[in-house]
Amino acid sequence: MEYNFKEICGKFAAEGEYESCERYGEGHINATYKLTMRQGGKAVRYILQQINTRLFTDVDKLMHNIELVTSFCRASVIKRGGDPMRECLNVVPTKEGKSYLNYAGKSFRMYVFIENAVTYQIVRDARDFYESAVAFGNFANLLADFDASQLYEILPDFHNTKKRYENFKRAVDRDICGRKAQVQREIDWMEKHSDLCGKIVDKIAGGEIPLRVTHNDTKLNNVMIDAATGKALAVIDLDTVMPGSLCYDFGDSIRFGCNSAAEDEADLSKVHFRLDLYKTYLEGYLSAVGDFITKAERENLAMGAVLMTYECGMRFLTDYLENDVYFHTTREGQNLDRTHTQMRLADEMLENFDSLQKLADVR
Ligand code: ADP
Ligand code: GN1
Ligand code: MG
């Protein structure tokens, strides 16, 4: 849908004259735009996002969380002498002082654009991946001091793999767009591995693995890397910061970053689990996360990686069966290709599971 961006942007406290606004980034959830404003002779950029209100039904609560987390991060950046405009997200309020705008039945928010920084869809250089591990490890460390009771649980059961499995089975039974027969092999694979579902959820329920405030969407493209120095600058995409497990945060980074190809690669011969990058990430993450990580968490990092991959594959397949309504797609069959890459990666992780676990457990 095309919006009157000039009018929308004019309602935010972004300074200068509107110049342009175009679709930006490769996130699967919100619609992200790069806004350019002209201030005197200078172009100043912002990020405008149309919030996915199909998923985030209570935007007040979502933005309450984002404001709290961004202010908390900002204070910590200032305390360590960093640059708060580049090392954390900064919400640009509306001219009425609100954290988001309701416009034509949609919700929009704005962030300061983090300049001279990049996000990667695939690991090109192991050093970037190491840096992202340090960034997410630091973020977990920082959030250890965050009062969880201040946050709304925006998407309950987000990484409850048992619930995800129930949703998947429901989608299979309903088969609303008649795609079930075509994906029987994939459905069988999900069912064959269903014993994985309780592996971490049950340990959280039993108190063996602690619930912490976590990011819950630790993809490489949710870390901004300084284009000049290669150092990680900021962790972004804070919509899912809520109670979770370190094992999931670790695992989701592995799921995305240890893939030798893109998440939606159609040629499976290119898709492999990269053990070298697993070691790289593990080293960076453990160096930054701090000593509070428990033995049980360490023992379950590798399981977190398998589970996040299995769960994400299942979510892609569920979405395929439900006519591609959740994850943003740009072509037919994309969610099925995404399912296949996750299946391949999970299979390879399971083949190497003992060594993955040993690597994570050595102090
Ligand atoms: P989604 O929830 O859809 O994944 P994100 O918040 O992750 O949306 O944003 C999508 C992409 O937009 C990111 O991967 C990043 O490349 C870019 N982006 C987001 N926020 C900023 C920012 N403040 N400065 C520069 N780029 C950004
Ligand atoms: C979505 O928003 P984005 O693109 O960073 C999704 C994650 C999935 C990921 C798969 C809120 O992440 O849970 O793991 O796609 N985010 C949400 O690439 O559902
Ligand atoms: Mg994102």
Listing of strands (runs of 3 or more DSSP E) fully contained in the range 161-241 that carry 1 or more residues being more than 16 Å from ligand 3 (Cβ to nearest atom): 212-214, 223-226
Condition check: out of contact with any Ser or Thr (no Cβ under 7 Å at 6 or more places or on another chain), part of a helix (DSSP H, G or I), β-branched (V, I, T) and crowded, with 24+ Cβ neighbours inside 10 Å. Does T341 satisfy that? yes
Could you list, in sequence order, all residues of the range 109-133 that are in contact with a helix residue (DSSP H, G or I) (Cβ under 6 Å, 6 or more places away or on another chain) and open to solvent by less than 30 Å² (accessible area, probe 1.4 Å)? V123, F129, S132, A133
Go through the residues of the range 32-44 one by one and say whether even a single one is within 15 Å of ligand 2 (Cβ to nearest atom) and within 30 Å of D147 (Cα to Cα). yes
Per the filter on the range 71-113, residues within 27 Å of K231 (Cβ to Cβ), out of contact with any strand residue (DSSP E or B) (no Cβ under 6 Å at 6 or more places or on another chain) and among the polar types (S, T, N, Q) are S71, S76
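Matching residues to (1) within 16 Å of ligand 3 (Cβ to nearest atom); (2) farther than 20 Å from L345 by Cα; (3) among the aromatic types (F, W, Y); (4) under 14 Å from the mean Cα position of the chain (by Cα):
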| residue | (1), (2), (3), (4) |
| --- | --- |
| D264 | yes, no, no, no |
| D267 | no, no, no, no |
| L282 | no, no, no, no |
| I293 | no, yes, no, no |
| V306 | no, no, no, no |
Of D347, D319, D264, D291, the only residue that is in a loop (DSSP other than H, G, I, E, B) and without any contact (Cβ under 8 Å) to a residue 40 or more places away in the chain is D291
Say we look at the range 234-268 and pick out the residues that are more than 12 Å from ligand 2 (Cβ to nearest atom) and surrounded by fewer than 23 Cβ atoms within 10 Å (Cβ to Cβ); which of these is modelled with the lowest pLDDT? P243
Reported set for the range 316-363 where residues are of a type in the set (G, A, S) and in contact with a strand residue (DSSP E or B) (Cβ under 9 Å, 6 or more places away or on another chain) is A346
Please determine, by comparing only the residues of the range 134-174 that are over 17 Å from I204 (Cα atoms) and open to solvent by 90 Å² or more (accessible area, probe 1.4 Å), which one is modelled with the lowest pLDDT. D145
Tell me the residue from L89, L101 that is closer than 30 Å to A148 by Cβ, more than 16 Å from ligand 1 (Cβ to nearest atom), at pLDDT 95 or above and surrounded by 17 or more Cβ atoms within 10 Å (Cβ to Cβ), please. L101
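The values are calculated or read from the model by the stated rules, or taken from the named source; none is laboratory data. Small disclaimer: the values here were computed from a predicted structure and weren't measured. FYI the Cβ positions are ideal-geometry reconstructions off the backbone, even for glycines, and counts take in every protein chain you see. The protein model used for the area step is the full one, side chains on, heavy atoms only, and it has no ligands, DNA or RNA in it. Shrake-Rupley method; radii C 1.70, N 1.55, O 1.52, S 1.80 Å.
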